[in-house]
Amino acid sequence: MSYLTAQSGSDGLADNSMEFVVFFCDKQDISAIKVDVRMNREYQLVLHHDALEEGQQYVALEDVFAYIARENSPIRINCDLKESGLEEAVYKLADKYALWPQVELSGTVACRFLSKWSNQILMNIENGMDDSFHGEHIGRWGENVLLEALSKLARSQAKIININHQLFTDAVKEKGKLLELEFSLWTVNDLIAIENYEKENIYNITTRKAWAYIQQKGAQTG
């Protein structure tokens, strides 16, 4: 069985908004929501993909956790860290609301956290690459680079690899099997592709069409 994660802004909702959180919070067929996390100058964790701008208001991650805790929702929260050094801060905030078991980390996550949180880290494949590859367009990462990164992350105790679905080649898939790795694929927006990945029992599928996919499945089975 695959998990289905609603990418921030899924189904036409505003990116990193409370509207997005509220909409998906009670959708039983959606496994998780993904939000982008940064820290502002006041050392507050906030939701935003790009660099923060002075004078702009952003949704606080604490407000997200507080709402989910208040609603007693079982939804998982994939916190995609957009800058380094946020792991412990996210943990402490989630623990405050007794939500840490529902939290997954992805993005800029240091390998040292794999030894204690491996089941809750969707480890981005680029975290297993040399710094020289960071910042390059993913299309320039050769298959050998991807395979070497898988090996490095497996040695670091990674269990789940977060990777763009376009890079999920047969060679990457087979290497993952050899290393006993699971895969989290992003961002899969073709409904047929989502269905096919589910049939392959891919660990997690992140999409901007989460609710559209669930509605389509309901129409097909109903």
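The values are calculated or read from the model by the stated rules, or taken from the named source; none is laboratory data. Please read all numbers here as calculations on a predicted model, not as lab measurements. Backbone-built Cβ (ideal geometry, glycine too); neighbour counts: all protein chains shown. Heavy atoms of the whole protein, side chains included, go into the accessibility calculation; ligands, DNA and RNA do not. Shrake-Rupley method; radii C 1.70, N 1.55, O 1.52, S 1.80 Å.
Measuring between their Cα centroids, the stretch 1-46 and the stretch 69-97 lie 11 Å from each other. Computed over protein heavy atoms with a 1.4 Å probe, the accessible surface of the stretch 131-222 works out to 56 Å² per residue. Whole-Hz Karplus values for the stretch 149-161 come out as 5, 4, 4, 5, 5, 4, 5, 8, 6, 5, 10, 10, 9 Hz, taken residue by residue from phi with 6.51 cos²θ - 1.76 cosθ + 1.60 and θ = phi - 60°; glycine and proline positions read x. Just to be sure I understand: of the beta bridges DSSP finds with both ends in the chain, what percent are antiparallel, rounded to 5? Among the beta bridges of the chain, antiparallel pairing accounts for roughly 10 percent.
Modelled spin-label separation between residue 83 and residue 212, with each label point placed 7 Å from Cα along the Cα-to-Cβ direction: 3.3 nm. Return the FRET efficiency for the residue pair residue 40, residue 182: r is the Cβ-Cβ distance, R0 is 25 Å, and the value is rounded to the nearest 0.05. The calculated FRET efficiency here is 0.15. Computed from the C-beta positions of residue 18 and residue 148 and an R0 of 35 Å, the FRET efficiency is 0.30 to the nearest 0.05.
Scanning residues 5 or more positions from residue 109 or on other chains, those with amide H under 5 Å from its amide H are 124, with H placed 1.01 Å from N in the peptide plane. Heavy-atom surface analysis with a 1.4 Å probe gives the chain a carbon and sulfur content of 46 percent of its accessible area. When the P(r) is computed for the chain, the part past 24 Å accounts for 43% of the Cα-Cα pairs. Along the Cα-to-Cβ line of residue 95, 7 Å from the Cα, sits a label point; which residues in the stretch 53-88 have backbone N less than 15 Å from it? Within reach of a label on residue 95: 86-88. Note on the stretch 102-222: semi-axes of the ellipsoid equivalent to its C-alpha gyration tensor, largest first and rounded to whole Å, are 26, 16, 13.
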